[in-house]
Amino acid sequence: MVEIKDLHKSFGSNLVLDGLSFKVEEAENMVVFGRSGTGKSVLLKCMIRLMEADSGEVYIDCKNVFELDLQELNQLRKNIGFLFQGAALYDSMTVRENLEFPLIRNFDLTRNEMDERVHQALENVSLEEAIDKMPAELSGGMRKRIGLARSIITQPKLMLYDEPTTGLDPITSKEISVLINELQHALKMTSIVVTHDLLCAKIISDRAIVLNDGKIVKEGSINELTSSDDPLLKNFFSDEIIENNVRT
Amino acid sequence: MNSLIKDKDNPVEFSSSLTQFFATIAGLSIFSLRFFKDVFLPPYEFGEIKKHMDELGIKTMPIVTVTGFIIGLVIAMQSQPIMKKFGAESFLPSMVALSVVRELGPVITALIFAGRVSSGIGAELGSMRVTEQIDAMEVSGVNPFRYLVATRMFATTFILPILTVYVIFISLIGAYIAVVLVQNMTWDYFIDRVIFSVEFGDAIPGVGKTFIFGYIVGLVGCYKGYTATNGTEGVGKASTSSVVVSSLLILIFDMVLVKLTLWIWPTVK
């Protein structure tokens, strides 16, 4: 489903991605760990060309993303959902308009079909009552849920999550993680999740990779990573494990 | 030692400002080309254009009404004693009309429009950029340039001439009130003198150049907002620099267009 080959990206002299290569199989949920500034969000943005990579190749559905023209890229993007760190809801639109926005412009749906999709998406995130609210009236957790609803409303094959639980309290974080996991299984999507949240990763992931200095330093299941003797991983996960124990 | 460091640093700062200046010019040119490439292609966002015309144009009316009225009133009040001194009071309507139609109406309306609209567009798009809303639009397969930028630029280009005609009319009312306060003149006579003195070569270039001013306001506001970086600080900078750059460009283009107008219509009174 997704294959990344030798991806490089730097900002001036700061090398952020240094020859990154990995594969994600269909319906697999992969988590990307790493300290702040290791290029996790940059990786997601390069994958769908929100940022241009310096070199390398990204294949999604066997198509080399970097070789697509704008029209082909937009066509591909219709099958990709992206949950941004701050949800990125359109401030000037109601929740309904936010959800309808990609449908109106990408699909030839009748009014009834559109209403049905909007209600279904809101039901999936348990926020039907928020349909006519403005984003400013929603809490952080609600915004994330609506952001998730907007991402899945187009029924994407691939979901990219950029720190889906950052800035939320532990209970809401867990709720969002469980929700993501349920939707992943219900809609049979492939997903790549960038997160610091070990609990979120445990709930969602089939496999995880750890980035350091723009490279993958370890790959495996969450249990393999957390029980590793590698000093870097021990150091990285120690705080997360303490926090996780406090939560559970 | 400090002065040495300063001397050493100044050329760098100067070179950086110069680079930024040329980068802005290049950025505006590319943005402009992209606008002409995108604006004629479907899907057409008529709903958005109408919304922006209302938001950016109709809501600017109160401030331009007050300004237009005061400009007309003040010009007439200031000029009346001088005209009286030369025994040319009857030329007052013509003088006010020509000043307002050819220069003051278009330029002052454009500058007010730039102050209100360009900064608003810069702040709105800048905030959408830093909160990743523009990225979200792009990811959903929608062309954010066409949806956010082309619609706003189209709206500003066509709403400013309408506002300008309105301001000219309001200014003439202001001028008439000032005239009536000090001398006996009927509205019919006042308007008759205005129509008599204002020719095609005065009105068309005067109002015509506001299409370009409106385009500049939309272009600069959209460019500054769309390319904003560095969080809320960047949004503030985008908003402020939108007003500064668009006001400056309006005045520079006005100078060029006046020269061009006099070249095309050399017989203009």
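Filter the stretch B:177-198 down to residues that are in a loop (DSSP other than H, G, I, E, B), open to solvent by 70 Å² or more (accessible area, probe 1.4 Å) and not hydroxyl-bearing (S, T, Y), then give me how many there are.
1
Determine, yes or no, whether A:M47 is within 18 Å of the chain's Cα centre (by Cα), at pLDDT 90 or above, within 11 Å of chain B (Cβ to nearest Cβ) and within 27 Å of A:L183 (Cα to Cα). Talk me through it step by step, then tell me what you get.
On the way: within 18 Å of the chain's Cα centre (by Cα): yes; at pLDDT 90 or above: yes; within 11 Å of chain B (Cβ to nearest Cβ): yes; within 27 Å of A:L183 (Cα to Cα): yes.
Answer is yes for this residue.
In the list B:G126, B:G174, B:G122, which residue meets the criterion of being in a helix (DSSP H, G or I), farther than 30 Å from B:I30 by Cβ, open to solvent by less than 30 Å² (accessible area, probe 1.4 Å) and modelled with pLDDT of 90 or more?
Only one candidate passes the filter, namely B:G174.
Take residues that are among the small types (G, A, S) and in contact with a helix residue (DSSP H, G or I) (Cβ under 9 Å, 6 or more places away or on another chain) and tell me which of the helices (runs of 4 or more DSSP H) falling wholly in the stretch A:138-248 contain 1 or more.
Values: elements: A:140-152, A:170-187, A:198-204, A:222-226, A:231-247.
Where helices (runs of 4 or more DSSP H) fall fully within the stretch A:138-248 and carry at least 1 residues being among the small types (G, A, S) and in contact with a helix residue (DSSP H, G or I) (Cβ under 9 Å, 6 or more places away or on another chain), they are A:140-152, A:170-187, A:198-204.
So, in the stretch B:78-101, how many residues would count as being crowded, with 24+ Cβ neighbours inside 10 Å and in contact with an Asp or Glu (Cβ under 9 Å, 6 or more places away or on another chain)?
Selection size over the stretch B:78-101: 3.
State which residue is farthest from the other protein chains (Cβ to nearest Cβ) when the search covers only the stretch A:91-124 and only residues that are more than 25 Å from A:L76 (Cβ to Cβ) and open to solvent by less than 50 Å² (accessible area, probe 1.4 Å).
Ranking the candidates gives A:D115 first.
Could you please tell me which pairs satisfy a Cβ distance under 6 Å, a separation of 6+ or placement on different chains, a first residue in the stretch A:134-156 that is within 11 Å of another protein chain (Cβ to nearest Cβ) and modelled with pLDDT of 90 or more, and a second residue that is open to solvent by 10 Å² or more (accessible area, probe 1.4 Å) and assigned to a helix (DSSP H, G or I)?
Listed pairs, sorted by first residue: A:I153/A:R117.
Being touching a Lys or Arg at 6+ places or on another chain (Cβ under 6 Å) and more than 13 Å from chain B (Cβ to nearest Cβ) is the filter here; which residues of the stretch A:57-90 pass it?
A:E57 - this is the single residue of the stretch A:57-90 that is touching a Lys or Arg at 6+ places or on another chain (Cβ under 6 Å) and more than 13 Å from chain B (Cβ to nearest Cβ).
Pick from the stretch B:199-236 the residues that are over 22 Å from B:I108 (Cα atoms) and not in a helix (DSSP H, G or I): which of them is farthest from the chain's Cα centre (by Cα)?
B:N230
For the stretch A:125-169, what are the residues that are under 20 Å from the mean Cα position of the chain (by Cα) and open to solvent by 70 Å² or more (accessible area, probe 1.4 Å)?
Hits for the stretch A:125-169 are A:S126, A:Q155, A:K157, A:G167, A:D169.
Which residues, counting only those in the stretch A:65-90, are open to solvent by less than 10 Å² (accessible area, probe 1.4 Å) and out of contact with any strand residue (DSSP E or B) (no Cβ under 9 Å at 6 or more places or on another chain)?
Once the filter is applied, which keeps residues that are open to solvent by less than 10 Å² (accessible area, probe 1.4 Å) and out of contact with any strand residue (DSSP E or B) (no Cβ under 9 Å at 6 or more places or on another chain), the stretch A:65-90 yields A:L73, A:R77, A:A87, A:L89, A:Y90.
Give me a count of the residues in the stretch B:27-52 that are open to solvent by less than 50 Å² (accessible area, probe 1.4 Å), assigned to a helix (DSSP H, G or I) and of a type outside the set (S, T, N, Q).
Here the count works out to 8.
The values are calculated or read from the model by the stated rules, or taken from the named source; none is laboratory data. None of the values given here were measured: they were computed from a predicted structure. Note that we place each Cβ from the backbone using ideal geometry, even for glycine, and neighbour counts take in every protein chain shown. Side chains are part of the model used for accessible areas, which takes the heavy atoms of the whole protein and leaves out ligands, DNA and RNA. Shrake-Rupley method; radii C 1.70, N 1.55, O 1.52, S 1.80 Å.
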